[in-house]
Amino acid sequence: MGNIKYNSSMFQRWKDFLVNNCWMLWIMLAASLAWNVYVGTTLNEKVDAAAQRMDESRVQLSKGIIMMDIMGRAITVVPTKLNVASTEFKRGISNYIRLYGLYTWGKVSNNFQVPIRTLDDFYANSEEAVIFRDNYLEKNSKAYNDFEAYLTSMVFGMNKNTLVEFYSITDQSIEDFRTDGDSFSIRISYKVVASIFDGNTESYRQREGNMIVEAIGKVDPSKGSPINPLGITFTELYKPTNLTK
């Protein structure tokens, strides 16, 4: 029996295929439709979820102001009217001075590995001093000059070996506090335990004492920042007492 030749054109072949397999087209069409419905539903769910998150964010924002603390963490701050005469405000001033405005020889000199000969050396080796200078002091004010005089006296004490090497603050109290509008004056007493190196015994001896800080400034919360949330600026006075041997 001889071979049978298929003489139909390519178009005829496709036509015959489609006629004989039209059921496959319907399946493909149904599958495509189902896929489109699935994609559309999923997209709508994602849009709804995003909208809900935005609504939740609006609710959170309505409860307060989103800020970052000094550790870089997001916090919600509820707007309240600042009471300059409040205990919380006085404690805030005391704490920020303690955090940024007081220094020890051992820390600034990296445990006496870095010589501190000048005021520039002090700033170069104390991030806290730079933060305090740039965020808490009014430029070219009396308080600014007082602050640099305080650092200069510390440098002098380091070079003459008359400054206490280390101290830790164990307590603090407000001895005097007065306000006039947005201005204030404060006198703070910090109870300290000083560590003083004794060259005869080659060891440190402990001594208790008090460090007094007197300051005059003003407050403007509209100028607050994560470093200085209350907007405290020292203007007329900033004088800590140095601890000497």
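The values are calculated or read from the model by the stated rules, or taken from the named source; none is laboratory data. It should be emphasised that the depicted structure is a prediction, and the values quoted were computed from it without experimental measurement. Every residue, glycine among them, receives a Cβ derived from its backbone with ideal geometry; neighbour counts consider all protein chains shown. Calculation scope for accessible area: heavy atoms of the full protein, side chains included, ligands and nucleic acids excluded. Shrake-Rupley method; radii C 1.70, N 1.55, O 1.52, S 1.80 Å.
Averaged over its residues, segment 107-191 has an accessible area of 54 Å² per residue, based on protein heavy atoms and a 1.4 Å probe. Charge dipole of segment 77-187 (Cα centre as origin; +1 on each Lys and Arg Cβ, -1 on each Asp and Glu Cβ, all else neutral): 80 debye, rounded to the nearest 20. Positive-end ranking of Ala215, Thr179, Tyr167 along the dipole of segment 128-220, with charges on Cβ about the Cα centre, is headed by Tyr167.
Applying 1/(1 + (r/R0)^6) with r as the Cβ-Cβ distance of Ala124 and Glu208 and R0 = 22 angstrom yields a FRET efficiency of 0.10.
Taking the Cα centre as origin and putting +1 on Lys and Arg beta-carbons and -1 on Asp and Glu beta-carbons, what dipole magnitude results for segment 136-188, to the nearest 20 debye? Spell out each step's value before the answer.
Working: 5 positive and 9 negative charges, 45 e Å.
Roughly 220 debye, rounded to the nearest 20.
Could you compute the net charge surrounding Ile188? Neighbours are other residues with a C-beta less than 12 Å from the C-beta of Ile188; K and R count +1, D and E count -1. Walk me through the numbers before you get to the answer.
Details: positive: Lys90, Arg91, Arg98, Arg187, Lys191, Lys239; negative: Asp171, Glu175, Asp176, Glu214.
The answer is +2.
More than 20 Å apart: what percent of Cα pairs in segment 90-234 qualify?
Working: 5371 of 10440 pairs.
For segment 90-234, the share of Cα pairs beyond 20 Å comes to 51 percent.
With a cut-off of 15 Å between beta carbons, the residues surrounding Lys218 carry a summed charge of 0, where Lys and Arg count +1 and Asp and Glu -1. Prolate is the label for segment 169-245, because a/c, from the alpha-carbon gyration tensor with a ≥ b ≥ c as root eigenvalues, is 1.5 or above and a/b exceeds b/c.
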